[in-house]
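The structure under discussion appears below in the form of structure tokens.
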Amino acid sequence: MNLQDPEHILVKYFQAQQLTKDEINILRSYVLETKDTSLINDLQELWLSYDGAGERNRESFDEVLHSIQDVILSEKRKPALFFIRRIAAAVLLPVFLLSTVYLYLEKESIKTSISREYRLEAEKGERASIILPDGTKVYLNSESSLSYPASYVVDNRSVYLSGEAYFEVTHDPAHPFVVTTDKARVQVYGTAFNICAYPADTIFEATLVEGKVEVTLCDDSEQSVFLKPNQKASYNTGSGRLQVHSTDLRIETAWKRGDLIFRSQPLEAIFNKLESFYGATIYAKGTYPENLFTGSFHEDEIGEVLNNLQQHYSFSFRKSGNEIHILFGR
């Protein structure tokens, strides 16, 4: 028998021997990949050929005794429950049975855990960051969320983004890193990039800083492009076109540094950005001026930004908590 065979590892487990990390992974894969009926039959055959030498696994015994009434409730599990009662009637409940139930419970627990999803959110006026299990770093802009399954890395490296985020991906050719949004899917071949994909916006943008990425539309897989550093892929739901053009990385990643940079933006769009960035609600009364604004800010407080904007536009404002009341025309 190969020392890495599940049967050999199970014998070690029956004897309460310490399992290595690799042996535990092999055992878990064996339990997950084997049908319930086949698992019971395999373990029964193993027990019949097992001489019983070594110390019994008392930890498994005690755990099963406390949970055996809750082990199997559905019709699917009735044969296993009958098997448990039949063996228990013999007074001595062998470690084989205990291990079967213990592994069955672990199998269900693993399935449940893998189906779970983790979610990180950055509320209005907030920014957040997370390091994923593989070491990948993700920085979330305000009003954004990132979700990923508990099976991340085990099956693949897939995440779902709503909003804007900057990624620094750990290189792992065996497990491709994929970001899915409501408009496009980004397959990562490199390390650093920015994605802006707010569900309410008609524009999707992916900007590459380092490495290589492929952008594919969710609704039209034939529209797919590869990006080089300093390039941005833009998709407009109105036109339905995915385009690539050069861009200024300093502007695209300004939010990550806490900067606000505007290039020929209308004041209404600037106010919308300020609301999200500072977590405020702006109420404007009057007519927005038509002239566009170009400039940048790195201010800790929204009032300071509005004071600067007053040098270019005619309006007054009143701040009450997180509410800003704007009146155009002094």
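The values are calculated or read from the model by the stated rules, or taken from the named source; none is laboratory data. Since this is a predicted model, take the numbers as computed values, not measurements. Every residue, glycine as well, gets a Cβ built from its backbone with ideal geometry; the counts of neighbours run over all protein chains shown.
What to note about this one:
- Failed criterion for Thr170 (all others in (1) in a loop (DSSP other than H, G, I, E, B); (2) at positive phi hold): (2)
- Residue match in the stretch 280-289 (condition: assigned to a loop (DSSP other than H, G, I, E, B), in contact (Cβ under 8 Å) with a residue 40 or more places away in the chain and within 25 Å of Lys183 (Cα to Cα)): no
- Residues of the stretch 157-172 classified as free of Cβ contacts under 8 Å to residues at least 60 places away in the same chain and closer than 18 Å to Arg119 by Cβ, total: 9
- Only residues that are in a loop (DSSP other than H, G, I, E, B), among the small types (Gly, Ala, Ser) and surrounded by 19 or more Cβ atoms within 10 Å (Cβ to Cβ) were counted across the stretch 179-214, and they come to 0.
- Residue count for the stretch 314-330 under the criterion of being basic (Lys, Arg) and either outside any strand (DSSP E or B) or touching a Lys or Arg at 6+ places or on another chain (Cβ under 9 Å) (or both): the result is 1.
- As a summary of the residue check, Ile282 satisfies the conditions (1) over 25 Å from the mean Cα position of the chain (by Cα); (2) assigned by TED's automatic domain parsing to the domain that holds Tyr166; (3) not charged (D, E, K, R) except for the one numbered (2).
- Flag if Arg318 is surrounded by fewer than 12 Cβ atoms within 10 Å (Cβ to Cβ) and farther than 30 Å from Thr191 by Cα: yes
- Scanning the stretch 128-147 for residues that are of a type outside the set (Asp, Glu), more than 19 Å from Glu252 (Cβ to Cβ) and assigned to a loop (DSSP other than H, G, I, E, B) gives Leu132, Pro133, Gly135, Thr136.
- Any chance Tyr288 is under 18 Å from Val305 (Cβ atoms), in contact with an Asp or Glu (Cβ under 9 Å, 6 or more places away or on another chain), among the hydroxyl-bearing types (Ser, Thr, Tyr) and surrounded by 14 or more Cβ atoms within 10 Å (Cβ to Cβ): yes
- In this structure, Thr207 qualifies as in contact with an Asp or Glu (Cβ under 8 Å, 6 or more places away or on another chain) and in the same structural domain as Thr170 (by TED's automatic domain parsing).
- Scanning the stretch 226-235 for any residue that is outside any helix (DSSP H, G or I), of a type in the set (Lys, Arg) and either under 18 Å from Ala165 (Cβ atoms) or in contact with a strand residue (DSSP E or B) (Cβ under 6 Å, 6 or more places away or on another chain) (or both) turns up at least one such residue.
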